[in-house]
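Here's the structure, in structure tokens; my notes come after.
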Amino acid sequence: MVAASWSRPVSLSVAAVLAAVLAGCGGADAGGSPRPEQSAAAPQLGNATTVGEGRVTLLQKVGANGPLRTLNVEVDGRWECVDCAGDGVTSTGALNPEQLSRLQALLADPGLVKETDQARQYRVTCIDALTSSLLTSSGTITSQDCPGEVQPKIANEILLLLTQATPAEPTA
């Protein structure tokens, strides 16, 4: 089980961060085009969008009204997943040594900083898509499960590792 002293405050602040990042995901104008706020850059929230080195948090939400799924992974590989299956259940577990080694290598990759929302000037563009945000010590890295969106390479490897090793979902 993840220590309450880390997971509870982070989960609450993480929920606030994701809500702000995803604020542009809901709705379109009468013609079906995204409203202007949907194509605006994701808000830059400074240090509130990072976690400690070697840790990662995955936030996922489908559309504007879907439940928030939160996965917190500790440095030692222990994880806690809140509502990952969309059933309100909190699951816990641990990455195996190979998964943990791979995750730590990916999180330490210097190229990860170039994949942050700030570096890419990321813009949320899809409506009702699965939006995944990785909170790392480098910053927040957001991607959407929509046709044509280019996924950041390192962050996508982290996302795939986490979704294969936990109840988190790779797609909507």
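The values are calculated or read from the model by the stated rules, or taken from the named source; none is laboratory data. Given the structure is predicted, the values throughout are model-derived calculations rather than measurements. Cβ coordinates were reconstructed from backbone atoms using ideal geometry, including for glycine residues, and neighbour counts include every protein chain displayed. In case anyone asks, the SASA skips ligands and DNA or RNA and just uses the protein heavy atoms, side chains included. Shrake-Rupley method; radii C 1.70, N 1.55, O 1.52, S 1.80 Å.
How big is segment 47-141 on each of its three principal axes, counting only the C-alpha atoms and giving the largest first in Å?
Principal extents (Cα only, largest first): 35, 34, 22 Å.
For the pair residue 164/residue 89, report the inter-label distance in nm, with labels modelled 7 Å from Cα in the Cβ direction.
2.4
Once the whole set of protein chains is in place, how much accessible area is left on residue 157, using a 1.4 Å probe, in Å² to the nearest 10?
60
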